[in-house]
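The values are calculated or read from the model by the stated rules, or taken from the named source; none is laboratory data. Keep in mind that what you see is a predicted model, and the values were worked out from it rather than measured. Glycine also receives a Cβ, built like all others from the backbone with ideal geometry; neighbour counts cover every protein chain displayed.
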Amino acid sequence: MLKGVNRVLLGLLGLGLFALGGGVLLGGLDLQRHWGFDVPGWWPFRGPGDVVLGTEGRTRWREEGWWWPTVIAVLAVLLALLLWWLFAQRRHRLGQVLVDSEDGAAARLDGRTLEDVIEEEAQALDGVARAHVRLTGRRTAPAARVRLLLEPHADPELILEQLSRETLAHVRDSAGLDRLPSKVRLREARHRADRVA
């Protein structure tokens, strides 16, 4: 869902910037006079001497009591939305995983090392060309995001079963984790078609 929202937001933002830039360029280069066409009456940029926001536009609502609080509130909401969107892009990567060492203290496992172990074991499976693993979640309750690039002869169902029953179970047991929820994405490696003579 985040990818879809990103695409829509970036598309709308790009369209708006393209329209604004085109309008400023049209007036700044006086293209309507050079190319012999008219712009609508509401068009703000009619020639090189026009500005994006004139004196009337800047001072129009200044004397109204509601103007500045409204401007500040709208800008604050816009800033909050942009910051939320920015932080939503960043997937949290676990630096450490805390496991119960059964002596009253929690042992710390390096998150990157655990990711490397899962990647190596996953790549050893028959039919897996490449694996990429990222641990997310909390330090006490990690989750794994696994991306596998499959070779053309690979059996996805068999690979998922082996990954779940062997690779992830082995890592979960050796790290002493109660559970390790995982999200797996499979993608097939592209290859050229064989020529038949």
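Among the helices (runs of 4 or more DSSP H) lying completely within the range 1-64, list those that include at least 2 residues that are closer than 24 Å to L78 by Cα.
Filter on the range 1-64 gives 2-28, 55-59.
Go through the range 174-188 and count every residue that is modelled with pLDDT of 85 or more and part of a loop (DSSP other than H, G, I, E, B).
Number satisfying all stated conditions: 3.
Could you please find all residues in the range 1-49 being modelled with pLDDT of 80 or more and within 20 Å of L81 (Cβ to Cβ)?
Across the range 1-49, the qualifying residues are R7, V8, L9, L10, G11, L12, L13, G14, L15, G16, L17, L20.
So for the range 98-112 (the condition being in contact with a Lys or Arg (Cβ under 6 Å, 6 or more places away or on another chain) and either at pLDDT below 85 or more than 26 Å from L163 (Cα to Cα) (or both)), does at least one residue qualify? Spell out how you get there, then give the answer.
Initially, the range 98-112 is screened for residues in contact with a Lys or Arg (Cβ under 6 Å, 6 or more places away or on another chain), giving 98.
Next, only the ones that are either at pLDDT below 85 or more than 26 Å from L163 (Cα to Cα) (or both) stay: 98.
Checking the range 98-112: at least one residue is in contact with a Lys or Arg (Cβ under 6 Å, 6 or more places away or on another chain) and either at pLDDT below 85 or more than 26 Å from L163 (Cα to Cα) (or both).
Scan the range 108-130 for residues that are farther than 17 Å from L180 by Cα, touching a residue at least 12 places away in the same chain (Cβ under 8 Å) and either surrounded by 13 or more Cβ atoms within 10 Å (Cβ to Cβ) or touching a Phe, Trp or Tyr at 6+ places or on another chain (Cβ under 9 Å) (or both) and jot them down.
Of everything in the range 108-130, those that are farther than 17 Å from L180 by Cα, touching a residue at least 12 places away in the same chain (Cβ under 8 Å) and either surrounded by 13 or more Cβ atoms within 10 Å (Cβ to Cβ) or touching a Phe, Trp or Tyr at 6+ places or on another chain (Cβ under 9 Å) (or both) turn out to be L125, G127, V128, A129, R130.
Residues are listed down the side, and each one gets a yes or a no for (1) within 30 Å of N6 (Cα to Cα); (2) modelled with pLDDT under 90; (3) in a helix (DSSP H, G or I):
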position	(1), (2), (3)
A154	no, yes, no
L158	no, no, yes
R172	no, yes, yes
R190	yes, yes, no
